Amino acid sequence: MSKIDNNNAPWHRLKRASTPRKATVLAIGKAFPRQLIPQEYLVEGYIRDTKCQDVSIKEKLERLCKTTTVKTRYTVMCKEILDQYPELATEGSSTIRQRLEIANPAVVEMAFEASLACIKEWGRPATDITHIIYVSSSEIRLPGGDLYLASELGLRNDVSRVMLYFLGCYGGATGLRVAKDIAENNPGSRILLTTSETTILGFRPPNKARPYDLVGAALFGDGAAAVIIGTDPVTGKESPFMELSYAVQQFLPGTQSVIDGCLTEEGINFKLGRDLPQKIEDNIEEFCRKLMSKASLTDFNEMFWAVHPGGPAILNRLESTLKLNKGKLECSRKALKDFGNVSSNTIFYVMEYMREELKRGGGEEWGLALAFGPGITFEGILLRSL
């Protein structure tokens, strides 16, 4: 792999030139709700809030909280919401209306804050944004959050809008792929891609008939992220840090039921098959090599890795299968530890950590961004560090 030479200046002060007409990431931002929950306090709070009397459920949740490796998470759900909507913690209550009353404005508020942070880093006026891509599995309404967000940000009324709803954990990577296609086919365009998620739709009291509810309670968090994508960065005005070289999506035939989500009157129910990590393990090497071949890459350990941390088991399987050196998935593990699995947002938290890691040292030019979700769907992007 080519690395920047360290002559008289530290390598991280130098920049690789972007490839003409290739999409680049020009800025990144994130935002979270006010409620921060340390993992060691989650069990007591969740059991208290849902009025659960089953000791075995509490013990199982305690075990799950330890195995997830999550240390802190942010959530929209708080005491004030439960005081206003006590039926959310009541088994069997029809609460989809109440959940959407909370979730719809919450996800737009977080997306707005993440977008403001991103635009501030970008350094150009919001009116220079030509397209907006809005990703969420946490709201349902017409018009969608894309319109509310564009209005709140003061974007032009002819901004081109795309909504990507209910993709789950691979939604952020899908957004990057779509943004890449738009940028490279519309010279001079600047795309704001924003993702925003809350677990409000899935919050409910524990039930032994729904064991995955406890996994969700132990693993998932809330938040938002935003990036600006464009080709041919303006010298002196824009600072690209990542190039989106090649992107591909692939589904595994016959695996639709491995990750199953169903919207009901009580909210959204998820089921995860125990064979999910094995399915990913069985197919990941071929998928990665398909991406790597576009740059004639062959060595997994000469690349950087930005992997959506769906959970520690998936990261461990990927690390073992690809024989990655220790530390190659550190940015993914750190994002999981700090924020939990925040669905479509999490890939951007990993990429932000990766940006800082690449600045400090290592100097790998090429890397992979990977995310997995319902389908089973794989999303992958061959990245080039600038």
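Applying the selection to the stretch 5-36, what residues are open to solvent by less than 60 Å² (accessible area, probe 1.4 Å), modelled with pLDDT under 95 and over 13 Å from Arg384 (Cα atoms)?
Within the stretch 5-36, Ala9, Pro10, Trp11 qualify.
Report, by residue number, each residue of the stretch 29-67 that is over 22 Å from Tyr85 (Cβ atoms), among the polar types (S, T, N, Q) and over 21 Å from the mean Cα position of the chain (by Cα).
Ser56 - this is the single residue of the stretch 29-67 that is over 22 Å from Tyr85 (Cβ atoms), among the polar types (S, T, N, Q) and over 21 Å from the mean Cα position of the chain (by Cα).
Could you say whether any residue in the stretch 251-263 is outside any helix (DSSP H, G or I), of a type in the set (A, V, I, L, M, F, W, C) and in the same structural domain as Leu164 (by the TED database)?
No, that holds for no residue.
Mind listing whichever residues of the stretch 37-46 are surrounded by 17 or more Cβ atoms within 10 Å (Cβ to Cβ) and either assigned to a helix (DSSP H, G or I) or charged (D, E, K, R) (or both)? Before the answer, list the steps.
Step one: filter the stretch 37-46 for residues surrounded by 17 or more Cβ atoms within 10 Å (Cβ to Cβ), giving 37, 39, 42-43, 46.
If the condition is that a residue be surrounded by 17 or more Cβ atoms within 10 Å (Cβ to Cβ) and either assigned to a helix (DSSP H, G or I) or charged (D, E, K, R) (or both), then Gln39, Leu42, Val43, Tyr46 are the ones that fit.
Please name all residue pairs, on different chains or six or more residues apart, with Cβ atoms under 7 Å, provided the first residue is in the stretch 227-243 and is within 14 Å of Leu192 (Cβ to Cβ) and the second residue is open to solvent by 20 Å² or more (accessible area, probe 1.4 Å).
Every condition considered, no pair remains.
Name the single residue, out of those in the stretch 222-237 being open to solvent by less than 10 Å² (accessible area, probe 1.4 Å) and of a type in the set (Gly, Ala, Ser), that is nearest to Pro211 (Cα to Cα). If you could, list the steps in order and put the result at the bottom.
If we filter the stretch 222-237 for residues that are open to solvent by less than 10 Å² (accessible area, probe 1.4 Å), which is where we start, we get 222-231.
So of that shortlist, the ones also of a type in the set (Gly, Ala, Ser) come out as 223-226, 230.
Working: Gly223: 24, Ala224: 27, Ala225: 29, Ala226: 33, Gly230: 43 Å.
Looking at the filtered set, the residue picked out is Gly223.
Based on this model, can you work out whether Pro240 counts as at negative phi, surrounded by 21 or more Cβ atoms within 10 Å (Cβ to Cβ) and in a loop (DSSP other than H, G, I, E, B)?
yes
Just to be sure I understand, how many residues within the stretch 77-101 are open to solvent by less than 20 Å² (accessible area, probe 1.4 Å), touching a Lys or Arg at 6+ places or on another chain (Cβ under 9 Å) and either farther than 20 Å from Gln53 by Cβ or charged (D, E, K, R) (or both)?
1
Is one or more of the residues making up the stretch 357-379 among the polar types (S, T, N, Q), in a loop (DSSP other than H, G, I, E, B) and either farther than 21 Å from Ala218 by Cβ or modelled with pLDDT under 95 (or both)? Working first, answer last.
Keep residues of the stretch 357-379 that are among the polar types (S, T, N, Q), which gives 377.
Now restrict to residues that are in a loop (DSSP other than H, G, I, E, B): none.
Within the stretch 357-379 (the criterion being among the polar types (S, T, N, Q), in a loop (DSSP other than H, G, I, E, B) and either farther than 21 Å from Ala218 by Cβ or modelled with pLDDT under 95 (or both)), the answer is no, since none of the residues qualifies.
Taking the stretch 269-302 as the search range and keeping residues that are small (Gly, Ala, Ser) and either at negative phi or in contact with a strand residue (DSSP E or B) (Cβ under 9 Å, 6 or more places away or on another chain) (or both), which one is modelled with the lowest pLDDT? Explain how you work it out, then say what you get.
Of the stretch 269-302, the ones small (Gly, Ala, Ser) are 273, 293, 295-296.
Next, only the ones that are either at negative phi or in contact with a strand residue (DSSP E or B) (Cβ under 9 Å, 6 or more places away or on another chain) (or both) stay: 273, 293, 295.
Details: Gly273: 85, Ser293: 97, Ala295: 96.
Ranking the candidates gives Gly273 first.
When the stretch 243-272 is examined, which residues are found to be open to solvent by 50 Å² or more (accessible area, probe 1.4 Å) and either touching a His at 6+ places or on another chain (Cβ under 7 Å) or closer than 27 Å to Glu87 by Cα (or both)? Spell out how you get there, then give the answer.
Step one: list which residues in the stretch 243-272 are open to solvent by 50 Å² or more (accessible area, probe 1.4 Å), which gives 246, 249, 251, 253-254, 256-257, 260, 262-263, 265-266, 270-272.
Correct list: Asp260, Cys262, Leu263, Glu265, Glu266, Phe270, Lys271, Leu272.
Just one of the numbered conditions (1) open to solvent by 60 Å² or more (accessible area, probe 1.4 Å); (2) charged (D, E, K, R); (3) at pLDDT below 95 is not true of Asp49; which one?
Every listed condition holds for Asp49 apart from (1).
Report, by residue number, each residue of the stretch 292-312 that is farther than 30 Å from Leu219 by Cα and assigned to a loop (DSSP other than H, G, I, E, B). Reasoning before the result, please.
Here is the first cut: in the stretch 292-312, the ones farther than 30 Å from Leu219 by Cα are 292-299, 302.
Answer for the stretch 292-312, where residues must be farther than 30 Å from Leu219 by Cα and assigned to a loop (DSSP other than H, G, I, E, B): Ser296, Leu297, Thr298, Asp299.
Please specify each residue of the stretch 150-192 satisfying the condition of being within 16 Å of the chain's Cα centre (by Cα), more than 30 Å from Gln98 (Cβ to Cβ) and either without any contact (Cβ under 8 Å) to a residue 12 or more places away in the chain or open to solvent by less than 20 Å² (accessible area, probe 1.4 Å) (or both).
Result: Ala173, Leu176, Ala179, Leu192.
The values are calculated or read from the model by the stated rules, or taken from the named source; none is laboratory data. Note that the coordinates shown come from a computational prediction; the quantities given were computed from them, not determined experimentally. Here Cβ is always computed from backbone atoms with ideal geometry, including for glycine, and neighbour counts include all displayed protein chains. Keep in mind that these areas ignore ligands, DNA and RNA; they rest on the heavy atoms of the full protein, side chains included. Shrake-Rupley method; radii C 1.70, N 1.55, O 1.52, S 1.80 Å.
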